[in-house]
Each structure stands twice: as C-alpha cells, then as structure tokens.
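This report refers to the structure that appears directly beneath it.
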Amino acid sequence: MAKVTRRSAGEAASLLGRYEELLRAFLNDGDETALQGAHDLGRELLDRDHGLLDVIAVHQKLVATLSAEEAAGLAPNRLDWADRFLLEVLTPFEMTHRGFRAANASLQQSEERYRELFENAHDIVFTTDLEGRITSINRAGERLSGYSRSEVQTLSISALVPTEDGLVEAALAGERRREAELIARNGRHYLLEISTRPILEGGRCVGMQGIARDITDRRHAETVLRHLNSHLEDKAKRIAHALHDEAGQLLATVYLRVAEIAGELPPLGRRRMEELRTLLDQVDDQLRRLAYELRPTILDDLGLLPACQFLAEGVSRRSRVRIVVKGSTGGRLPADIETALYRVAQEALANVSKHGRARTAVVEFERSSNRLRGTIRDDGIGFDVDGILSRVGPQGLGLRGMRERIVGLGGQFAVRSAAGRGTSVEFDVPLES
Amino acid sequence: MPNRRRAETDRNGPRLRLASSRLGSPAAPRRWLPDPPMSGAPPGSLPPGTVEVHLRVDSEQGLIEARRRSRELAARAGFTARDQAIVAAIVSELGRNILLYARRGEIATRLVEDSRRVGISIVASDLGPGIRNVPRALTDGFSTVGRPGIGLPGVRRLADEFELASGQSAGTQVTVRKWLR
C-alpha cells in the first residue's frame, strides 16, 4: 500500500524536538507522564511513516549527546531509563508489526483456500496474458489437455484450441461464452464450453481468465437423443401409414362386402348389418385418429402451421377450450424442426386440456429472418414450475421432453407459470438462413 | 457490574486491595520480586502487598495514573522492562478508547495466578455508547486509526488473553490477561 508520505523537514524536526524534550523530562523525573508521551510519540512517528531504524538512530544520537553533557557520562541507571523510554516509543511499532504478521497469515490462508478451489475444480480454470499465452492452469486442465503445467505455460491458448482464431481478442472485447474444440496432446478432440472475462488490474486489462467445461459427452448424448427422436418419428410415420393406408384399405373392402351381403338379406338381417356398419364407422374413426396422432400427414403435406391449426381444432372439440392459432412460420421449415415444434405444441396443448382448467389458449408463432419464436399460453390455474421440475419421477417428464427437443435444435425454452396466473410455454429456435 | 459501580462512587484516586484478601494465605510463596529499577519511584507508590488497583479514567492525568499503577503491579509480578512496556501500552490503548468514546470509565488492574503461573489482568470498563459491531472493531483497518495493529486489534495481539463484551448503550468491557513469561 503506497501511502503518500507527508513528512516535511520542519515536521520531522519538531517530532525530534519532542523526542528530546520527553526523553530529557523522563531522565529528570522518571515519571510516567513522559512515558505516556513516548507512547503517543511512537504512534505519531508510525503514522508519519518514520522507520524503526530511524527512530533507534535518533535515540542513540540523543543518548550520546546527553552523555556528553554530563562530566561523568550518564549514570548506569539513567541509561537503563533511556532504554525504557525507547521501549515505550517502540511498542506501537511492535503492535503494527504483529498486525502485519497476522494480516499476512490470514492472507496466506485465504490464498491457500482459493488455490484449493482452483486446483480441485472439476472444470478447467486458466488465465492468459494479453497475447494469449497461458499464465496458469489447474489440474483439470492438465488432465484433459495431457500437457503438464510447465509445458502449457510455454504454449499459447491457440495451440490448444487451434480452430478458434481471436479467442482472446473476443474475450477482451467482452465476449463471455463460446464453444471451442480442444486438441489434447494425444490427438483427442474435446468440445469445451468456455466462459471468459478480462482480468483487470487497477482498471487496466492485463489478460483473460476462463473456465472451460468439457461438454463432449453432453453433446454426444444430445446427438444420440436427436437420432433417437428422428428414428422414433420415422417408426411412427410408418405405423401411421400402415394404419391409415393398409388397414384403411382392408376396412374399405369390409364395407363393400357388408353392403353386398346386406343386399341379399331379408329386412331383419339388413338392419343387423346396418348396426355392423355403424360399428365399422367407429373403427374407421379410431384408426384415423390413432394414425393421425402417431403422425399427422398434414404436417408432412402442408407444414407446421396448418398442422397446429388442425391439432387445435381437435383439442378444442374434445376439451371445450377455445384455442386460437396465430402468427406465421414464414413458410415451410426443415422437417426435423417442424416435427419437434409440432410435438412441443402437442404436448403443451395436451397439458392445457388435461390439467390447466383453461377457458382459452393461444398458439402463436413469430418468424424473423433466422429465428422462429413460439408461445403457447393459457388462462388456466397455472402450476409451480420449479416444484415440478425439481422432482425426480414421471411428473414433469412432458416438460423435460419439450425442453430436450428445443435444446436439441440449439434453441431456448422456458415455461412461465404461477398458481392462478395461467401458463406460458415459450421457445426460440435458430433457423439456417 | 460491581466494578463499575464501585468506580462511579470512588472519585478520590486509586482504590487498592491487599494481598491477603485476594491471593490465599499470606504464607503462600510469592514469585514476584521487589521493585525493579524504577526506584526514584513517584510519591505515593503502592503499599506492599497490593494486588489490585481500580483507576478512574476521565482525563489524561487519570490515564497516566492508570499506566503508572498497572506498571507497578506488573513490576511486582516480575515482568521485565519489555513486558512492563507492553502492559503500559495496553493500558494506554484501552484508556484512549475510554476517553475517546465514553469520556469516562475505569481500569482495574490486578495480579492473577492460576496453578502454573502468575500474571496481570487489566479490565477496562465504561458505560459509553458501546460498540455496534464488535467483529468489525476487532478488524484491522476499521478502527478510527487506520493502521493495522493499533487500537483494539493491537491490544488483542499484545495480550495473551482478550475478551470484549459490549452492547449498544450497555457500555464496553475489555478484559486482557498477560502472563509472566
């Protein structure tokens, strides 16, 4: 701590003058008053940044002067008193000395605590200078990169994440987060999510600090999940096709046969056949609905918005919730996106009709050049989102499923709800422009 | 707080207590030594056998008197010149706090002993406004003097034992013990 010294020659002289005055008084009467003065003087000398050695030098010079004044020198007991006087002046110095020692010890302790935190972090923690040279890295960083600390410190960050140009510049310019690929010493690639901040020292930027998390496994799991989802959709599409087309064809044949037989029967038998037809109508209805729920052909044929409109009409009819579909998707979208968003809308509207006790609901899409935002909101009873999501178990599975689908598209997902205030499911997904 | 009440009623200099009333039988062996070189001692030095002094601190003079008497007791306990200076410094810092924050108070210094050692106990008490935030008052840099180690934190480090009791408008009592080394 650089304290500005406001010591002028005059002030120093006056402090020394007081030293001499007090010492003379004490040697004269041996009284406590002078010693209290010595203590106060010590505090003041300390406060004015006088050094310990300066004080002792002054004391020695004064004692020499005083000795010279008396023919036989200072009597031994006076020398002893002078020592006592010096002790009194020095006790404040001793106090700050102990204070600094204690402050140092606690600084060291907190330094050790932070070092432990740094070293044992599961994520990689590192710092670089302005040129991107790595100045420190923790054990997690050594482990993942395969380079030892001393090796890493001869490297630049761009040697570890070679595909990322300008990582440091971007971080210094205020970028907080990015994904980058780390190439380890053994040639393995890891996907990192890096959060960065500039390091400031006295308001000046001197480097960058970062925390990097290995998200290779997470990304892998996401990819697997996406494949699984599209595989399931494929299966559903084929089953729906089989139900609709093949079973439907068979059913049509049955209709024809029933009509033929009915013509050959007496009136009583004809009426029984009519009953059979009504039952067949119901089977046909069920088949169509099942096929539709598995995979609405309208989604493949006409796209997300018409499919949602059709879905909303069906849910409205069955549940008496008035549902409005608004906005625009700006035309057809890639099939995987349409499917995912349709499934999200389907799940959200199922929740509205099953749990929400809503009277009206709105499905709304909003297209910008390279994003699609969507909202499904209702005026129902609402629920405790965090409470449902924090529970482990089947509850909240639907919510998590929606989130997974949106995150799988690289989008953002949110559910807002509170008891008595309705529910709003919101998503925002990027589109390849 | 009996000490404090006594201090309030006692306006005429230090009150003393003699050994027999405090430290067991007079026949018990004493470890403290006769007065060290501070002879030329000021008039009215402590009567032999004194083990406890109560001093009213409400002026510079009172503070000096508290230092003088505490030092004398420390000398009797056998404290070296160095440790006497430390006792005096503790009294100075505690007394300064009393004058600064409470304007008046009391410092009671006594000889103490346990099974293994003898020492000095210094109790500074006042009925001032009290310390609002005790941990902060004991942290370096927060006292009115911005130097590490000065004031209460400094006293705590000079002492072997340190206790502080304070409450808002309940006054402050600081107890310090320093053992003979």
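Residues that are touching a helix residue (DSSP H, G or I) at 6+ places or on another chain (Cβ under 6 Å), closer than 21 Å to residue B:46 by Cβ and outside any loop (DSSP other than H, G, I, E, B): does the range B:160-177 have at least one? Yes: the range B:160-177 contains one or more residues that are touching a helix residue (DSSP H, G or I) at 6+ places or on another chain (Cβ under 6 Å), closer than 21 Å to residue B:46 by Cβ and outside any loop (DSSP other than H, G, I, E, B). If you go through the range A:386-433 and keep only what is buried (at least 16 other Cβ atoms within 10 Å of the Cβ) and in a strand (DSSP E or B), you end up with A:413, A:415, A:417, A:423, A:424, A:425, A:426, A:427, A:428, A:429. Among the criteria (1) under 24 Å from residue A:411 (Cα atoms); (2) touching a residue at least 40 places away in the same chain (Cβ under 8 Å), the one residue A:309 does not fulfil is (2). Within the range A:44-56, the only residue that satisfies the criterion of being surrounded by fewer than 22 Cβ atoms within 10 Å (Cβ to Cβ) and within 9 Å of chain B (Cβ to nearest Cβ) is A:47.
Applying the criterion of at least 3 residues that are surrounded by 19 or more Cβ atoms within 10 Å (Cβ to Cβ) to the strands (runs of 3 or more DSSP E) found wholly in the range A:278-385 leaves A:360-367, A:371-378.
So that you can scan it fast, the table gives a plain yes or no per residue for (1) under 20 Å from residue A:429 (Cβ atoms); (2) small (Gly, Ala, Ser):
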position	(1), (2)
A:304	yes, no
A:308	yes, no
A:314	no, yes
A:325	yes, no
A:334	yes, no
A:342	yes, no
A:349	yes, no
A:354	no, no
A:359	no, no
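All told, residue A:87 meets the bar of being within 30 Å of residue A:26 (Cα to Cα) and modelled with pLDDT of 90 or more. Among the candidates A:68, A:103, A:64, the residue that is of a type in the set (Gly, Ala, Ser), more than 8 Å from every other protein chain (Cβ to nearest Cβ) and more than 26 Å from residue B:80 (Cβ to Cβ) is uniquely A:68.
Answer yes if at least one residue in the range A:106-122 is without any contact (Cβ under 8 Å) to a residue 40 or more places away in the chain, within 30 Å of residue A:35 (Cα to Cα), within 14 Å of another protein chain (Cβ to nearest Cβ) and not aromatic (Phe, Trp, Tyr), and no otherwise. No, the range A:106-122 contains no residue that is without any contact (Cβ under 8 Å) to a residue 40 or more places away in the chain, within 30 Å of residue A:35 (Cα to Cα), within 14 Å of another protein chain (Cβ to nearest Cβ) and not aromatic (Phe, Trp, Tyr).
Has the range A:200-214 got at least one residue that is at negative phi, surrounded by fewer than 14 Cβ atoms within 10 Å (Cβ to Cβ), charged (D, E, K, R) and assigned to a helix (DSSP H, G or I)? There is no residue in the range A:200-214 that is at negative phi, surrounded by fewer than 14 Cβ atoms within 10 Å (Cβ to Cβ), charged (D, E, K, R) and assigned to a helix (DSSP H, G or I).
Scan the range B:51-79 for residues that are without any contact (Cβ under 8 Å) to a residue 40 or more places away in the chain and within 16 Å of residue B:119 (Cβ to Cβ) and the total you get is 2. In the range B:130-140 there is no residue matching the filter, namely being in a helix (DSSP H, G or I), aliphatic (A, V, I, L, M) and buried (at least 21 other Cβ atoms within 10 Å of the Cβ).
Looking only at residues in the range B:74-107 that are farther than 25 Å from residue A:93 by Cβ and assigned to a helix (DSSP H, G or I), the one that is nearest to the other protein chains (Cβ to nearest Cβ) is B:76.
The values are calculated or read from the model by the stated rules, or taken from the named source; none is laboratory data. Keep in mind that this is a model prediction, so the values were computed, not measured. Neighbour counts are summed over all protein chains in view; Cβ atoms, including those assigned to glycine, are modelled from backbone coordinates with ideal geometry.
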